[in-house]
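Heads up, the thing below is written out as structure tokens.
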Amino acid sequence: MTTAFTHLTTTSGSDQPVPLTSLPSGTHARVACRDMDGDNSELLCAMGLKNDCPLEVCRSGRMCIVKVDNTRLALSRKVARRIMVHPSEAASA
């Protein structure tokens, strides 16, 4: 299995990206990179979870629920921990 590592440099949030699973509910963030195989990476992109997209953590834990473009996506913890994000310092409107 090959791994596609998609990387992005951003100026918002903290300098070092953190795993999506480390953020509490209510946190806003931007996707920094996804460490996934090609099929999973393409699926996440098709669902709107693209590089530099803003998201909000609706629920963290065993099942991670995020809001992207006013759509809620449920991600397994295994998938969510491979998505690196930059937490926002201020909540977006």
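Search the stretch 48-76 for residues being of a type outside the set (Gly, Ala, Ser) and exposed (fewer than 14 other Cβ atoms within 10 Å of the Cβ), and hand back the single one that is nearest to the chain's Cα centre (by Cα).
If we filter the stretch 48-76 for residues that are of a type outside the set (Gly, Ala, Ser), which is where we start, we get 49-59, 62-73, 75.
Next, only the ones that are exposed (fewer than 14 other Cβ atoms within 10 Å of the Cβ) stay: 52, 62-63, 69-72.
On the way: 52: 9, 62: 15, 63: 13, 69: 13, 70: 15, 71: 14, 72: 12 Å.
The selected residue is 52.
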Original post:
List the pairs whose first member sits in the stretch 61-73 and is assigned to a loop (DSSP other than H, G, I, E, B), whose second member is open to solvent by less than 80 Å² (accessible area, probe 1.4 Å), and whose Cβ atoms are under 7 Å apart, counting only residues at least 6 apart or on separate chains?
Top reply: 69/48
Original post:
Restricting the search to the stretch 2-39, which residues are on the phi > 0 side of the Ramachandran plot and at pLDDT below 50?
Top reply: 13
**OP:** Tally the residues that are over 18 Å from residue 17 (Cα atoms), among the hydrophobic types (A, V, I, L, M, F, W, C) and in contact with a strand residue (DSSP E or B) (Cβ under 8 Å, 6 or more places away or on another chain), restricting the search to the stretch 69-93.
**Re:** 3
Original post:
Which number in (1) farther than 14 Å from residue 25 by Cα; (2) assigned to a loop (DSSP other than H, G, I, E, B); (3) at pLDDT below 90; (4) not acidic (Asp, Glu) marks the one condition that residue 91 misses?
Top reply: (1)
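The values are calculated or read from the model by the stated rules, or taken from the named source; none is laboratory data. Predicted model only: the values in this text are computed from it and were never measured. Heads up, the Cβs are rebuilt from the backbone with ideal geometry, glycines too, and the neighbour counts pull from every protein chain shown. For the accessible areas, the whole protein counts, side chains as well, though only heavy atoms, and no ligand, DNA or RNA atoms are used. Shrake-Rupley method; radii C 1.70, N 1.55, O 1.52, S 1.80 Å.
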